[in-house]
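The values are calculated or read from the model by the stated rules, or taken from the named source; none is laboratory data. In this text the structure is predicted, and so the values were computed from the model without any measurement. Neighbour counts run over all protein chains shown; Cβ positions are idealised from the backbone, glycine included.
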Amino acid sequence: MTGHEQARITLSGRPDFEAIAAWVRPDSAVLDLGCGDGLLLNYLKQTRNARGYGIDIADDNVLACVRNGVNVIQSDLERGLAGFDAGSFDCVILSQTLQAVRRTEEIVLEMLRVGREAIVSFPNFGRWDLRLQVALGRMPVSPELPYQWYNTPNVHLFTIADFEDFCAEHAIAVLERVALHRGRPVGALANFFGSTAVYRIQKRR
Amino acid sequence: MAQQGNAGGRSVGAVRPQTLHFAEPLKFRSGSVLDAYDLVYETYGTLNAAKSNAVLVCHALNAAHHVAGYYADQPENVGWWDNMIGPGKPVDTDRFFVIGVNNVGGCFGSTGPKSVNPATGKPYGSSFPVVTVEDWVHAQARLADRLGIDSFAAVMGGSLGAMQALQWTISYPARIRNAVVVAAAPTLSAQNIAFNEVARQAITTDPDFHGGDYYGHGVVPRRGLRLARMIGHITYLSDDAMMEKFGRALSTGAINFHFGVDFEIESYLRHQGDKFSEYFDANTYLLITRALDYFDPAAEHGGDLSRALAAAKARFLVASFTSDWRFAPARSREIVKGLLDNRLDAAYAEIDAPHGHDAFLLDDARYHALVRAWFDNIHAAL
């Protein structure tokens, strides 16, 4: 199996990865928060020659990263990035995790302290079919939000519009944005048609 | 007697220590020189034709070169890291050529304070040079030279052994491809040094110490050594592990209104102390605790560990244990920061184990799975 085939196969479940990779500059130093088994970092190494480190709290993910030859630091994101110097990474990535962390605000600000820029992807709670489910009186369930209200790890659900307000209020510049549905960018009305949002952001100077 | 570890694998079987004599002077960091010296070591597995599969295992305070297997005439004398090293074990001796060595200054066959100084015909005793981690690593590199090993696939250790692995990456960056650094610290804390000082005081104030030259008096400072071991042992265990194992259990089932043994923990510590004082040399204990105190690779770089690691090239597996209060996870994270600052390949695991510092010697499934995965990758790259 070639690296490209492998990447295509393994990325099938993660449409945001290609969007993220497109924004990672070649040879850059990348920190991936909540890196899981290291799939994204391996992809960035293959496609961008990125020098990457992952952070994850789960024992099985740390072991999977070691098996996959991915640099990993076992640490609890909720405790911040205290061990990391300001500006020590070109890019800090948080993919599909922001909705599952408790201290959302602190983590985004920490990302922008440690990284010269950050890439964040999250499931968009504002997509029309989710709004419809809420309008019909049910908590929404979708491929991006596959959990029931009682077993979801997601503690902060938010929309593209919410995130942009958050950025404005926290002096965060949005450098690029793409909203995806089924792996393809949506055109107009991102908050209505996008199921996943990916942002490249930076601290406003 | 095949030792069957829980993590799978077999014992390397009966092993035999070997001795190499080094006729070249060894210059110590202190400036002292040993004109010649012996190193005792054991090996397990087979060195491949490319000599690329060698793994050096560095020992901590109480251990030595007997890392795995057992002695044919002493089947109960199992190596100190036998659960980690052997055929099919995390460090698989069917793949790797593993070396354990007793460090200079030791008391298990390598030249140390109780060895006879050829210049005087008497044991070195108090005249033995104060050794440092750098000196040990230097001597280990000479052993590698003699065994024809240019570069180690890995150097590994726990605690003080891990400090040696770390020092290897700084002293001989071209000769080590992987460092496995378990339950380590980049320096001792004031508290760590304080415990060592109490242990040393116990030894040096024992009337049988005779300034370190007790060999000629036909005595050993057994009481001091015993205390030193008891103090050390307390720091190796967590409060929880000790409570779990002993609680407030009473040896005779009742308190006896005396100062003899009432509690099981007292009995345990006395037993550990007694055992240790029978086989360990007090001068070696002093030397090794001092080597711990002096270890500070950042010192030459203005206290900046990242600068100290600038020359390092190895890939690092760093592991700590949450209940280790002797070398707490925060100390390992200091090392990890130094690795990241130099963009070195690294994995850091913080293993949620209850046993305290001693966890590095125990058979924890998560810990062993990590080491196994790490060595699988090393093997795949051979």
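Restricting B:Val67, B:Val78 to those that are over 20 Å from B:Ile176 (Cβ atoms) and either among the hydrophobic types (A, V, I, L, M, F, W, C) or in contact (Cβ under 8 Å) with a residue 60 or more places away in the chain (or both) reduces the list to B:Val78. Checked against the criteria, B:Phe295 does not count as on the phi > 0 side of the Ramachandran plot and either crowded, with 16+ Cβ neighbours inside 10 Å or of a type in the set (A, V, I, L, M, F, W, C) (or both).
Regarding B:Lys275, is this residue away from chain A (no Cβ under 11 Å) and either buried (at least 17 other Cβ atoms within 10 Å of the Cβ) or at pLDDT 95 or above (or both)? So B:Lys275 passes the test.
Within the range A:77-88, residues that are farther than 13 Å from A:Met111 by Cβ have Cβ atoms under 7 Å from residues that are in a loop (DSSP other than H, G, I, E, B) in these pairs: A:Glu78/A:Val101; A:Glu78/A:Arg102; A:Glu78/A:Arg103, counting only partners at least 6 apart in sequence or on another chain. Restricting attention to the range B:217-231, and to residues there that are among the aliphatic types (A, V, I, L, M) and without any contact (Cβ under 8 Å) to a residue 40 or more places away in the chain, which single residue is surrounded by the fewest Cβ atoms within 10 Å (Cβ to Cβ)? Per the stated criteria, the residue is B:Val219. All of B:Ala23, B:Ala63, B:Ala72, B:Ala36 fail the test of being closer than 27 Å to B:Arg372 by Cα and small (Gly, Ala, Ser), apart from B:Ala63. Scan the range A:165-176 and tell me whether some residue there is at positive phi and either of a type in the set (Val, Ile, Thr) or not in a helix (DSSP H, G or I) (or both). Taking every residue of the range A:165-176 in turn, at least one turns out to be at positive phi and either of a type in the set (Val, Ile, Thr) or not in a helix (DSSP H, G or I) (or both). Evaluation of B:Pro25 against the conditions (1) closer than 30 Å to B:Ile193 by Cα; (2) touching a Leu at 6+ places or on another chain (Cβ under 7 Å); (3) free of Cβ contacts under 8 Å to residues at least 60 places away in the same chain shows that the sole unmet condition is (1). Among helices (runs of 4 or more DSSP H) lying entirely in the range A:9-95, which contain 1 or more residues that are out of contact with any strand residue (DSSP E or B) (no Cβ under 7 Å at 6 or more places or on another chain), at the interface with chain B (Cβ under 9 Å from one of its Cβ atoms) and closer than 25 Å to B:Arg372 by Cβ? Helices (runs of 4 or more DSSP H) meeting the threshold: A:59-67. Of all positions in the range B:64-80, none carries a residue that is crowded, with 20+ Cβ neighbours inside 10 Å, of a type outside the set (D, E, K, R), under 22 Å from the mean Cα position of the chain (by Cα) and farther than 29 Å from B:Phe276 by Cα. There is at least one residue in the range A:115-128 that is modelled with pLDDT of 95 or more and more than 18 Å from the chain's Cα centre (by Cα).
Evaluation of B:Cys107 against the conditions (1) farther than 20 Å from B:Arg29 by Cβ; (2) not in a loop (DSSP other than H, G, I, E, B) shows that the sole unmet condition is (2). Scanning the range B:334-359 for residues that are surrounded by fewer than 22 Cβ atoms within 10 Å (Cβ to Cβ), more than 9 Å from chain A (Cβ to nearest Cβ) and part of a helix (DSSP H, G or I) yields one hit, B:Asp358.
Across the range A:18-32, the number of residues qualifying as on the phi > 0 side of the Ramachandran plot and within 17 Å of the chain's Cα centre (by Cα) comes to 0. Residue count for the range B:360-371 satisfying the condition of being within 14 Å of chain A (Cβ to nearest Cβ), touching a strand residue (DSSP E or B) at 6+ places or on another chain (Cβ under 8 Å) and either surrounded by fewer than 21 Cβ atoms within 10 Å (Cβ to Cβ) or in a helix (DSSP H, G or I) (or both): 4. Of all residues in the range A:54-76, exactly one satisfies the criterion of being farther than 17 Å from A:Tyr43 by Cα, surrounded by 20 or more Cβ atoms within 10 Å (Cβ to Cβ) and small (Gly, Ala, Ser), namely A:Ser75. Which residue is nearest to A:Val70 (Cα to Cα), if the candidates are limited to the range B:314-333 and must be more than 8 Å from chain A (Cβ to nearest Cβ) and part of a helix (DSSP H, G or I)? That would be B:Ser332.
Is it the case that A:Val30 is touching an Asp or Glu at 6+ places or on another chain (Cβ under 9 Å), within 20 Å of B:Ile378 (Cβ to Cβ), surrounded by 22 or more Cβ atoms within 10 Å (Cβ to Cβ) and not charged (D, E, K, R)? When the stated conditions are applied, A:Val30 does not pass them.
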